[in-house]
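What follows is a short report on a single structure.
Just so you know, all these numbers are worked out from the coordinates, no wet-lab data involved. Worth saying up front: this structure is predicted, and the values here are computed from it rather than measured. Heads up, the Cβs are rebuilt from the backbone with ideal geometry, glycines too, and the neighbour counts pull from every protein chain shown.
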Amino acid sequence: MAKQNTYDEKSIKILEGLEAVRKRPGMYIGSTDKRGMHHLVWEIVDNSIDEIINGYGDYIKIILHKDGSITVADNGRGVPIGLHESGKSTPEVIYTVLHAGGKFEESGYKVSGGLHGVGGSVVNALSTRMEVTIYRDGKISQITFKNGGEVDSPLKTIGESKKTGTIVRFLPDKEIFKNCNFSFTTISERMQESAFLLSNVTIEVIDEEDNLSAKYHYENGIVSFVEYMNEGKDTLNKVVHFTSTKNRIEVDVAMQYTTEYNEQMLSFVNNVKTGDGGSHEVGFKSGLTKAFNDYAKSNNILKKDASFDGNDLREGLTSVIHVKIPEDLLQFEGQTKGKLGTPEAKRTVEAVVYENLKFYLEENKEIALSILEKAEKSRAAREAARKARESVRKGTSKSNKERVLSEKLAKATGKDYINNELFLVEGDSAGGSAKSNRDREHQAILPLRGKVLNTEKASASDIENNAELRQIEYAIGAGLGETFDYRESNYGKVIIMTDADVDGSHIQVLLITFFYKFMRPLIEQGMLYIATPPLFSIETGTKGVKEYIATNEELESRKKTLKGNYKIQRFKGLGEMNGDELYETTMCKKNRRLIRVSLEDASLAEKRIHVLMGDEVAPRKAWINENVDFTLEDDFRK
Ligand code: 28F
């Protein structure tokens, strides 16, 4: 009798625990938008990855099903199927009790990122259905859940098999994740990264709805990663790889110089990307700068007191840094916990990079010299660009820039550049409306005619020969490519404003490609934005008031609450709105919604641009359908 009671109490407690997750999903998965919904996948995949890191299994498969559910499978040992001391099966405990599963403590390196480690029960709590199938001990066992964690059918044997592994399929709760779908692009990109970091693991992603699939397998870890990032580029050296453990921190660094100007650096901590960098990146940079300067001095390449600037030494450098840090030293910073704080990581990475690179440079004199030569050119170019800007500002060389611009650009009158905005507007007609309806003090308008040049493979001289892009370059006034300096920009924000259709998205991507290739710091500094014009207006008969609706989904839900007469207008393009409307909905600070373009992952963004701009039509369509996904801040209202 008494036992029965405790069991009931426990069940109630469990449901209360999961209810807490349903009440405040954000506390467990960050948000309930697309991003949050993908967190569910990462939670489950991280369990597979942990099992593989512990030495069991080499294969992960993810399937996006037509019904909106998703399957994650691995060939590890399979979740233990015995009875737990509570009298329930171990899988039931793992998937219904918050924070259950000593698995993470056991592995030594906890999956990091702040939101991780809460695992299967959180996913279950936020799913209308979940099915866990375990291959283990010669049997196939299964348990199913419904309505956010209630046991639907307890663990039972459903077949026999000699295989081992765990399969989890779940359907996220539509009430919690409104209008969200899993994105093949998002999932396969992240899985590709994991495949690089894990080495010799196969990860397959299948989208049954759109018949897409991807399979990743890399043998040389982050060396393969750097090779992949530099595919098709001219390089100065074979990928250099250092790995060493010091102060209980394992450092893994791979790097290669290209002949290009862009620097690409990706960093990871315990297999999780640190999108905002942190102490390990700082350590890498200072170790590298020191090693090169030491080398240059001891080989009489530099005069006594001169030294190379880190930025010049990293021009054209592609690098991946992966550190493994024991739990007690782990510290994350920033709102999204994407930045490593651990101070020991700086010292350690710096020492490893400095010592190994110094040795490498001594052993590879020719390569060392070619890199230093490149750094010297970079320094000289910076200096020349600075002087050129200086003389333009002093009015000594009022070139044809002014002429190029005067035809098209409607300037802002304000002098405080940080508060000024440049709108790049699709089409002359929308451009005209925007010019006459704007905040003249702070908003400048540059209309663009038609499609912008695809700059994926363009050079700086191609830009100078292209009227449209040259206008953009001159309007921003901060240089181009290696001479670009965001601090010189005439605008604090550059805002792309196109029609809300496929052509509009295409123009956005072409422009983003241009900025990515030739003004990357503008993106890195969060200065590039996309405006979001409304798709519909609704005029209600009673009040004669207009309201504006951004998406089809919003329109559908708004329609349900509308009574009486109303008129819906669909805006096919910016040009269909009158000037007031365009200003009120899309340009004025009070009402507009800007999407900040952010290159959290520079390497993948470029690959993505490759997909979008390349010759293959299918992946481009898939991507455009999934929406312009450069958005990081879904709710960026300002
Ligand atoms: C599709 C998602 O979740 N894979 C997992 C394992 C393996 C073990 C385990 C997981 C035991 C007591 C917690 C097996 N044999 N894929 C997955 N594979 N969990 S999750 O153990 C869980 C702990 O409480 C496992 C021996 N030890 C561990």
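Gly30's amide H: which non-local residues (gap 5+, or another chain) put their own amide H closer than 5 Å, with H modeled 1.01 Å from N in plane and none for Pro or chain starts?
none
Which ordering of Lys290, Lys156 is given by a fewest-first count of other beta-carbon atoms within 10 Å?
The most exposed by this proxy come first: Lys156, Lys290.
Take a quick pass over region 502-576 and tell me how many lysine pairs come in under 20 angstrom between Cα atoms, counting only ones 8 or more apart or on separate chains.
11
Ordered by residue, what ³J(HN,Hα) values in Hz, to whole numbers, does region 234-250 give under the Karplus form 6.51 cos²θ - 1.76 cosθ + 1.60, where θ = phi - 60° and Gly and Pro are x?
Result, ordered by residue: 7, 10, 9, 8, 6, 4, 8, 10, 10, 8, 6, 10, 9, 6, 6, 10, 8 Hz.
Relative contact order for region 158-311: what is it in percent, counting Cα pairs under 8 Å that are at least 6 residues apart?
For region 158-311, the relative contact order is 12 percent.
Under 1.5 on a/c is rounded, so check that first for region 547-597, then, if it is not, pick prolate when a/b is larger than b/c and oblate when it is not; a ≥ b ≥ c are the square roots of the alpha carbon gyration tensor eigenvalues.
Note, shape of region 547-597 comes out prolate.
For region 251-389, what is one quarter of the convex hull surface built on the Cα atoms, given in nm²?
9.6
Which order do the peptides 571-577, 429-435 take when ranked by the mean count of other beta-carbon atoms within 10 Å per residue, highest first?
Highest-to-lowest ranking by the protection proxy: 429-435, 571-577.
Whole angstrom only: what separates the Cα centroid of region 346-362 from the Cα centroid of region 145-210?
Value for the Cα centre distance between the two parts: 41 Å.
Report the local net charge at Ala430: Lys and Arg +1, Asp and Glu -1, summed over other residues whose C-beta lies under 10 Å from its C-beta.
Within the 10 Å Cβ shell, the charges total -3.
Starting with the highest mean, order 23-31, 131-139 by the number of other Cβ atoms within 10 Å, averaged over the residues of each peptide.
131-139, 23-31
Taking H as built 1.01 Å from N, whose amide H comes closer than 5 Å to the amide H of Phe332, not counting residues under 5 places away?
So Phe332 has HN proximity to Gly341.
Just add up the charged neighbours of Ala296: K/R +1, D/E -1, any other residue whose Cβ is under 13 Å from the Cβ of Ala296.
After counting each charged neighbour, the total is +1.
What number comes out for the charge environment of Val122, summing +1 per Lys or Arg and -1 per Asp or Glu over other residues with Cβ under 14 Å away?
Residues near Val122 contribute -1 overall.
Among rounded, prolate and oblate, which fits region 114-206 when a ≥ b ≥ c are the square roots of the eigenvalues of its C-alpha gyration tensor, a/c under 1.5 means rounded, and a/b larger than b/c means prolate?
Because a/c hits 1.5 or more and a/b fails to exceed b/c, region 114-206 counts as oblate.
Within the set Lys233/Lys374; Lys297/Lys377; Lys34/Lys346; Lys238/Lys374, which residue pairs have Cα atoms separated by over 26 Å?
As for pairs spanning more than 26 Å Cα to Cα, those are Lys34/Lys346.
Quick check on region 227-300: take the gyration tensor over C-alpha atoms, sort the square-rooted eigenvalues as a ≥ b ≥ c, and tell me if it's rounded (a/c under 1.5), prolate or oblate.
Oblate shape, in that a/c is at least 1.5 and b/c is the bigger or equal ratio.
Contact order normalised by length for region 178-248, with contacts defined as Cα pairs under 8 Å and 6 or more residues apart; what percent is it?
Computed over region 178-248, the figure is 24 percent.
Would you pull out the residues with amide H under 5 Å of Thr258's amide H, same chain only if 5 or more places away, H placed 1.01 Å from N?
Leu236, Leu317, Thr318
Hey, can you rank 67-76, 82-91 by average C-beta count inside 10 Å, highest first?
Packing order, densest peptide first, comes out as 67-76, 82-91.
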